[in-house]
Amino acid sequence: MSFLSVENLSLRIRGDGARLLRSVTLAVRPGEVMGLVGESGAGKSMIGKAILGILPRAVELSGGRIVLEGQDLGTLPAAERRRVIGAKAALIPQDPLTALNPSRRIGPQITDRLVDILGWDRARAEARAADLLAEVQIPQPARVMRSYPHELSGGMRQRVLIASAFAAEPKLIVADEPTTALDVTVQKQILRLIRQMQERHGTALLFVTHDLGVVSKVCQNLTVLYAGAVVERATVGAFFAGPAHPYSRALLAATPKYTDPTGSLTPVPEAVVAAVRAEVVAMDEAEDG
Amino acid sequence: MAVEGIDGRGRVRRRAGMRLWLSGLWLALVALVALLAPWIAPKDPLMQDLFLGRMPPFWTPGAEPGFWLGTDSLGRDVLSRIIHGARVAMTVALVAGTITALIGATLGLMAGFLRGWVDLVISRMIDIWMAFPPVLFSILLIAVLGPGLTSIIIAIVVIDWTRFARVVRAEAMAQGAMDYVASARVAGRGRIGTMLVEIGPNVLPTIAVLLTLEMGIAVIVEAILSFVNLSISTDDPTWGGMIAEGRASVHQAWWVLVFPLVTLFLTVLAFSQLGEGLKDRFDPVLR
Amino acid sequence: MLRAVVLRLVTTAITLIGVAVIVFVVIRVVPGNPIALMLPPGATEEDVARLTALYGLDKSLPAQFLIWVQGVVQGDFGTSITARQPVLDLVLGRLPATLELSVMALVIACLLGGVAALTGTRRRDTKVEGAIDVANGMALSVPDFLWGLILILAFGVLIPVFHISGRVTPSLDLPFATNFYLFESLLRLRFDLWADIVSHMFLPALALAIPLAAIIGQLLKQSLKETMHLDYVTLSRTKGYGENHVILREALPNAVLPTLTLVGVQFTFLIGGTVIIERLFSYEGLGNMAIDAVINRDLPLIQGIVILFAVIFTAVNLIVDLTYAALNPRLRHGG
Amino acid sequence: MDDLYQVSDLRLSLADMTAKPLFGTAPRLEILKGLSFTIPKGEVVGIVGGSGSGKSTLGRAMVRLLEPSGGSIRFAGTDITHLDETALRPLRRRFQMIFQDPMSSLNPRHTVNRLIGAPLALHGFDGIAARVDRALDHVGLPRSFKARFPHELSGGQRQRVGIARAIAMEPEFILADEIVSGLDVSSQAQVLNLLEQLVRDLGLTLAFISHDLSVIRRLCARTIVLHHGEIVENRPTADLFAAPAAAYTRDLLEAIPLPDPGQVWD
């Protein structure tokens, strides 16, 4: 039983009609960690944005639907849709430096959703925020809640954002390249933290990344995208044992692996790119009739 | 973000093209009229006739044939005075604008890129200049220099160079922090060479926009000085002088104020729109 | 911090001295003897010499400057040649009129500009934003002088709803103790007088405000739109907040800061603009008096007015810097 | 004289603009705290470290975009630590740099032809047109790209122009500062392979700055690990990977997520 299903989702750029997503279908079970992988322009973060209702204005939904716990988000009026998303889903953004409002204290940035959208009373929301900060291993939660973002390090801010994402006990969290801006040593801690929190709370996680190494550490299943189309779906075990699609194979071969000193990196061969592009074009032609 | 730009870009270009044409057309017209003033003006702009004072424009009852836009209190033809006034306006715009741009931009470029004591001196001077109310400063200068076209041009240059220097300095500082400047140094280009070859072309669009703006401002300054009766001699037709006269008799003869005001308004607007249009044209990414 | 404050005071002092020196030199090369203007026709050479000596105009330039600086330090800016009153009294008498006009213009500009920026952001990428951009562009490229003339025509002549000359209707009986008419009429609850004063001030204030409103509108909108792309705004949307909340609570406080410093400089331009706008509307403020002083070659008065303007400008810049520091959480909490 | 670079006790401090008070001067921040190392001719050395380790500052000091505040840098026997711009100019051709962000390091108003050719003209090379062609051939870009502006190129192509510009000068040393960090894995592999081949063919000495140890392993014979402005390790890459000596290097290695679910994080 999947509680999030994305069915034949297509996105286009308003005006010139360029395709960003091509009939993407995706199902996530409760508590599942699904990786979305692809190079820049593959449309991987667009899927997360579409689910959370934060697509850029220039992008329009040209087909398909998103169903969250049996509710088709497209059929809801805008204000109601925002409330449903706010209650059931959350985002862990990419850049911890710009994801916290510099002129507001940390505490209200965690509790605002609970108080304003879910109608909790303030004391309860603050207690909840303090608990979560302790859970993400932030020392002195009470003090941190009173500080401004610039008083915290990048790693600390990412922890705050993780705590904030779990605040309303969402069923689904979209993590959009959450560690790309961090040093590897910090990345390791944050990835482990996200995974721990996800397991403890039983939350489903849609993990968007360009890094196959990260996918192998965090996800159970993954979906590979190219030019807005799904190229391969696999379990992590099966994928890293040997990807089925030639493009996925080439992508894996191009990923550096320090334990393998002699094997020089193979760039994605032109023939593979041409083949996968032809597949995509064929899809478009089939769709256009 | 790349996605967001795509829609907007085409629209920006279309709008920019339109205003570039419209403003260019108007300015060309004004320039042509200024050049040909003695031949196309229907009347002598200085000819007074007290019996023809305050005649309304041609479509109103009581208009005097031949005086299309009416006459002022001394019976002088408004249209002919506007046509002749274009000469002073255009001369001031072109000459004062260009000299101001040259001096201001050079000082700004030097301050922003060379930094050090050059910047210290120029910035301090800008600070001092910024502490003057510009209109009062220009009136003061004209009082000292005496009325006349040259005085106006000198006053504009002396006062407005900071407008260029400030903006170009900031722009040069921003460009100077870019890695292409570092890469020019790695390539072994000297400071002055880098300033002229690398930074120069990148601040040129800014200068062009400021230049056209300054041309509009120069026309206004001339009008303001005429308005306080300090510009050219009082007989010579200038738009500002006509506006001053029109302001005094606005309740009796609105047309004496309205026509030169509309001309001045359109000219100033055209200069600034020309600048905005040129900026978009210059931008290598939008081109 | 102390060192920094001292540094700031020193640069301010250099600026003010620079202004004083330049004015002093410029006006002393004014052709035309102001003394001759003051005396009735038929005055003797001796009369001229006596008055020249009285105003210190027979000494060398540096000597005159020194005398003037000595006076200024003791609060003596000299005596006006035409009005034969202390410059300081004259200038301080007119200052309230100009201050009230400038502040009223600033308030109008912030209101107009703020509304334009917020509306433009709320309706971004639509025709409404396009229209606001066009209006801003026009307001920006035409200076206050022309707006003043257009307003005179529109609301003084065509639809005469406002006064276009003076500060208050001359026939009215004024019970004021200070020259802050606008402020004092409110304090005394004389709303009849207040309405009359506002009706005189509104058009000149609006003329001054239009270009500044356009700048505020443009900068704030640009700053808001940039802020709207930042992750914390996106994050706030995913929490379930609507567009209005996101703009007003998340984006606005951060977008205001970068706009503030630029508005400070622009406000000094606005104050500079009062000179010609006061002339245009025959408004009895400092600027109008300044133009008369230049025309009458009243050297001590010109000097005093220019210095006063310079002091106001530097004070505005200082206030802006301090406000910036007070509003910026990074600086406020010593980050 | 075998060592192309001799760096000893290099110190550098910069004004900390983030801590600058509203009025007054910013405090100075010590970025490099006494670094000593040598780079022999023909070696490819990797410089690795996290953000704030000082790796980019070190690079910029080595090509004298920054002036050190202490210690010394000798290039080919010449002390360049405090040379002024005029004295540096003849030396500049001999050490080149490739920048992290090709969009900002290529002047947006110059064509590819001018970007590569102008520095050559500055140093009095002859046959510039032919040299530009050859440089483009070397980096695998078609010669027709000469007429293009930077914004008309893709990220990978721009980075190739950056490389072409550096090698066209026939330098003895090239500093590559995080040149693949902005690229997708596929173009990353292409650029790395290209660099490897150029080093071999042209006999270049190369310093390769990166935050990514996996990239360093492929390319570099020796690796210098920086942490908080100090060298924590400076050894042949193979040794370093086999048995990292410093605790920080160990942390760094263990933190790299391998594309392999078998790797277990404790």
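Pick from D:Arg200, D:Arg222, D:Arg165: which is surrounded by fewer than 24 Cβ atoms within 10 Å (Cβ to Cβ) and in contact with a strand residue (DSSP E or B) (Cβ under 9 Å, 6 or more places away or on another chain)? Show your work before the answer.
Values: D:Arg200 fails: in contact with a strand residue (DSSP E or B) (Cβ under 9 Å, 6 or more places away or on another chain); D:Arg165 fails: surrounded by fewer than 24 Cβ atoms within 10 Å (Cβ to Cβ).
Going through D:Arg200, D:Arg222, D:Arg165 in turn, just one is surrounded by fewer than 24 Cβ atoms within 10 Å (Cβ to Cβ) and in contact with a strand residue (DSSP E or B) (Cβ under 9 Å, 6 or more places away or on another chain): D:Arg222.
Cβ-Cβ below 6 Å, separation at least six or inter-chain, first residue in region C:45-71 and within 21 Å of C:Val25 (Cα to Cα), second among the hydroxyl-bearing types (Ser, Thr, Tyr) and outside any helix (DSSP H, G or I): which pairs?
Close Cβ pairs (under 6 Å, with a partner that is among the hydroxyl-bearing types (Ser, Thr, Tyr) and outside any helix (DSSP H, G or I)) do not exist here.
Quick check: is even one residue across region C:244-259 within 14 Å of chain A (Cβ to nearest Cβ), free of Cβ contacts under 8 Å to residues at least 12 places away in the same chain and open to solvent by less than 40 Å² (accessible area, probe 1.4 Å)?
No, there is no match, as no residue in region C:244-259 is within 14 Å of chain A (Cβ to nearest Cβ), free of Cβ contacts under 8 Å to residues at least 12 places away in the same chain and open to solvent by less than 40 Å² (accessible area, probe 1.4 Å).
Out of A:Pro102, A:Pro139, I need the residue that is open to solvent by 30 Å² or more (accessible area, probe 1.4 Å), touching a Phe, Trp or Tyr at 6+ places or on another chain (Cβ under 8 Å) and in a loop (DSSP other than H, G, I, E, B). Which one? Steps first, please.
Values: A:Pro139 fails: touching a Phe, Trp or Tyr at 6+ places or on another chain (Cβ under 8 Å).
None of the other options fit; the residue is A:Pro102.
From the residues in region D:246-266 that are farther than 28 Å from D:Ser13 by Cβ and either open to solvent by 60 Å² or more (accessible area, probe 1.4 Å) or in contact (Cβ under 8 Å) with a residue 40 or more places away in the chain (or both), which one is nearest to the other protein chains (Cβ to nearest Cβ)? Explain how you work it out, then say what you get.
Residues of region D:246-266 that are farther than 28 Å from D:Ser13 by Cβ, as a first pass: D:250, D:253-266.
From what is left, the residues that are either open to solvent by 60 Å² or more (accessible area, probe 1.4 Å) or in contact (Cβ under 8 Å) with a residue 40 or more places away in the chain (or both) are D:250, D:253-254, D:256, D:264, D:266.
Working: D:Arg250: 10, D:Leu253: 7, D:Glu254: 7, D:Ile256: 6, D:Val264: 9, D:Asp266: 10 Å.
Only one residue tops the list, namely D:Ile256.
What number goes with the only condition from (1) more than 22 Å from A:Arg81 (Cβ to Cβ); (2) surrounded by fewer than 23 Cβ atoms within 10 Å (Cβ to Cβ) that A:Val33 does not pass?
Tallying (1) more than 22 Å from A:Arg81 (Cβ to Cβ); (2) surrounded by fewer than 23 Cβ atoms within 10 Å (Cβ to Cβ), A:Val33 fails exactly one: (2).
How about region D:74-111: which of its residues are assigned to a loop (DSSP other than H, G, I, E, B) and either among the basic types (Lys, Arg) or within 27 Å of D:Gly182 (Cα to Cα) (or both)?
Let us first name the residues in region D:74-111 that are assigned to a loop (DSSP other than H, G, I, E, B), namely D:76-77, D:80-84, D:93-94, D:99-101, D:106-111.
Passing the criteria: D:Arg93, D:Arg94, D:Phe99, D:Gln100, D:Asp101, D:Leu106, D:Asn107, D:Pro108, D:Arg109, D:His110, D:Thr111.
Looking at C:Gly93, C:Gly130, C:Gly113, C:Gly78, which is the one that is at pLDDT below 95, among the small types (Gly, Ala, Ser) and buried (at least 18 other Cβ atoms within 10 Å of the Cβ)? Spell out the reasoning first.
Numbers: C:Gly93 fails: buried (at least 18 other Cβ atoms within 10 Å of the Cβ); C:Gly130 fails: buried (at least 18 other Cβ atoms within 10 Å of the Cβ); C:Gly113 fails: at pLDDT below 95.
None of the other options fit; the residue is C:Gly78.
What is the number of the single condition among (1) under 30 Å from C:Thr82 (Cβ atoms); (2) open to solvent by 10 Å² or more (accessible area, probe 1.4 Å); (3) without any contact (Cβ under 8 Å) to a residue 40 or more places away in the chain that C:Leu322 does not meet?
It is condition (1) that C:Leu322 fails.
Looking at region B:82-106 only, could you name the residues that are surrounded by 22 or more Cβ atoms within 10 Å (Cβ to Cβ) and either touching a Lys or Arg at 6+ places or on another chain (Cβ under 8 Å) or over 30 Å from B:Val258 (Cβ atoms) (or both)?
The answer is B:Thr100, B:Ala101, B:Gly104, B:Ala105.
Those residues that are surrounded by fewer than 24 Cβ atoms within 10 Å (Cβ to Cβ), in a helix (DSSP H, G or I) and either in contact with a helix residue (DSSP H, G or I) (Cβ under 9 Å, 6 or more places away or on another chain) or touching a residue at least 12 places away in the same chain (Cβ under 8 Å) (or both), I need them from region B:110-123; list them, please. Spell out how you get there, then give the answer.
Just the residues of region B:110-123 that are surrounded by fewer than 24 Cβ atoms within 10 Å (Cβ to Cβ), to begin with: B:110, B:114-123.
Going one step further and asking which of them are in a helix (DSSP H, G or I), we end up with B:110, B:114, B:116-123.
Listed by number, the residues that qualify are B:Met110, B:Leu114, B:Val118, B:Asp119, B:Leu120, B:Val121, B:Ile122, B:Ser123.
Out of curiosity, is D:Asp177 touching a Phe, Trp or Tyr at 6+ places or on another chain (Cβ under 7 Å), farther than 30 Å from D:Asp9 by Cα and of a type outside the set (A, V, I, L, M)? Spell out the reasoning first.
Details: touching a Phe, Trp or Tyr at 6+ places or on another chain (Cβ under 7 Å): yes; farther than 30 Å from D:Asp9 by Cα: no; of a type outside the set (A, V, I, L, M): yes.
It is false that D:Asp177 is touching a Phe, Trp or Tyr at 6+ places or on another chain (Cβ under 7 Å), farther than 30 Å from D:Asp9 by Cα and of a type outside the set (A, V, I, L, M).
Exactly one of (1) farther than 20 Å from A:Ile106 by Cβ; (2) part of a loop (DSSP other than H, G, I, E, B) is unmet by A:Ala168. Its number?
Failed condition: (1).
When the residues of region D:170-197 are narrowed to those that are within 19 Å of D:Arg222 (Cβ to Cβ) and open to solvent by 40 Å² or more (accessible area, probe 1.4 Å), which ends up farthest from the other protein chains (Cβ to nearest Cβ)?
It comes out as D:Glu172.
Read through the list (1) surrounded by fewer than 23 Cβ atoms within 10 Å (Cβ to Cβ); (2) in contact (Cβ under 8 Å) with a residue 60 or more places away in the chain; (3) within 14 Å of chain A (Cβ to nearest Cβ), then give the number of the only condition that C:Ser282 fails.
(3)
Can you work out which of the residues in region B:124-148 that are assigned to a loop (DSSP other than H, G, I, E, B) and within 22 Å of C:Leu208 (Cα to Cα) is farthest from the other protein chains (Cβ to nearest Cβ)?
Here is the first cut: in region B:124-148, the ones assigned to a loop (DSSP other than H, G, I, E, B) are B:131-133, B:146-148.
Filter again for within 22 Å of C:Leu208 (Cα to Cα), leaving B:131-133.
Working: B:Ala131: 4, B:Phe132: 6, B:Pro133: 4 Å.
Among residues in region B:124-148 that are assigned to a loop (DSSP other than H, G, I, E, B) and within 22 Å of C:Leu208 (Cα to Cα), the one farthest from the other protein chains (Cβ to nearest Cβ) is B:Phe132.
A quick yes/no check of all residues on (1) touching a residue at least 24 places away in the same chain (Cβ under 8 Å); (2) out of contact with any Asp or Glu (no Cβ under 9 Å at 6 or more places or on another chain); (3) more than 9 Å from every other protein chain (Cβ to nearest Cβ); (4) not aliphatic (A, V, I, L, M):
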position	(1), (2), (3), (4)
A:Ala78	no, yes, no, no
A:Ala87	yes, yes, no, no
A:Leu100	yes, no, no, no
A:Arg128	yes, yes, yes, yes
A:Ala134	no, yes, yes, no
A:Met145	yes, no, yes, no
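Which one of the conditions (1) assigned to a helix (DSSP H, G or I); (2) buried (at least 20 other Cβ atoms within 10 Å of the Cβ); (3) of a type outside the set (A, V, I, L, M) does D:Arg131 fail to meet, given that it meets all the rest?
It is condition (2) that D:Arg131 fails.
Every residue in region A:262-289 that is in contact with a Phe, Trp or Tyr (Cβ under 7 Å, 6 or more places away or on another chain) and within 11 Å of chain D (Cβ to nearest Cβ), please.
Listed by number, the list holds a single entry, A:Val272.
Residue under question is C:Arg122, and the condition is that it be under 18 Å from the mean Cα position of the chain (by Cα), open to solvent by 30 Å² or more (accessible area, probe 1.4 Å) and touching a residue at least 24 places away in the same chain (Cβ under 8 Å); does it hold?
no
Could you please let me know if D:Leu213 is crowded, with 18+ Cβ neighbours inside 10 Å, under 30 Å from D:Leu10 (Cα atoms) and out of contact with any Pro (no Cβ under 6 Å at 6 or more places or on another chain)? Step through it out loud before you land on a result.
Working: crowded, with 18+ Cβ neighbours inside 10 Å: yes; under 30 Å from D:Leu10 (Cα atoms): yes; out of contact with any Pro (no Cβ under 6 Å at 6 or more places or on another chain): yes.
Against the criterion (crowded, with 18+ Cβ neighbours inside 10 Å, under 30 Å from D:Leu10 (Cα atoms) and out of contact with any Pro (no Cβ under 6 Å at 6 or more places or on another chain)), D:Leu213 qualifies.
Which number in (1) within 21 Å of A:Glu177 (Cα to Cα); (2) in a loop (DSSP other than H, G, I, E, B) marks the one condition that A:Ile85 misses?
(2)
Which helices (runs of 4 or more DSSP H) does region A:222-289 wholly contain that include 2 or more residues that are free of Cβ contacts under 8 Å to residues at least 12 places away in the same chain and exposed (fewer than 13 other Cβ atoms within 10 Å of the Cβ)? Show your work before the answer.
Working: elements: A:236-241, A:246-254, A:270-288.
Qualifying helices (runs of 4 or more DSSP H): A:236-241, A:270-288.
For region B:8-25, does any single residue satisfy the condition of being buried (at least 21 other Cβ atoms within 10 Å of the Cβ), modelled with pLDDT of 90 or more and within 30 Å of B:Lys279 (Cα to Cα)?
There is at least one residue in region B:8-25 that is buried (at least 21 other Cβ atoms within 10 Å of the Cβ), modelled with pLDDT of 90 or more and within 30 Å of B:Lys279 (Cα to Cα).
Is one or more of the residues making up region C:187-206 away from chain B (no Cβ under 14 Å), among the hydrophobic types (A, V, I, L, M, F, W, C) and closer than 23 Å to B:Ser272 by Cα?
Start the filter on region C:187-206 by keeping residues that are away from chain B (no Cβ under 14 Å), which leaves C:187-202, C:205-206.
Right, trim to among the hydrophobic types (A, V, I, L, M, F, W, C) and you get C:187, C:189, C:191, C:193-195, C:197-198, C:201-202, C:205-206.
In the following step, the residues that additionally are closer than 23 Å to B:Ser272 by Cα were identified as C:206.
Within region C:187-206, one or more residues are away from chain B (no Cβ under 14 Å), among the hydrophobic types (A, V, I, L, M, F, W, C) and closer than 23 Å to B:Ser272 by Cα.
Within region A:4-30, count every residue that is surrounded by fewer than 22 Cβ atoms within 10 Å (Cβ to Cβ) and over 15 Å from A:Leu172 (Cβ atoms).
Number of matching residues: 13.
The values are calculated or read from the model by the stated rules, or taken from the named source; none is laboratory data. Note that the structure is a prediction, hence the values are computed from the model and not measured. All Cβ positions, even for glycine, are placed from backbone atoms using ideal geometry, and neighbour counts span all protein chains on display. Note: accessible area is taken over every heavy atom of the protein model, side chains too, but ligands, DNA and RNA are not part of it. Shrake-Rupley method; radii C 1.70, N 1.55, O 1.52, S 1.80 Å.
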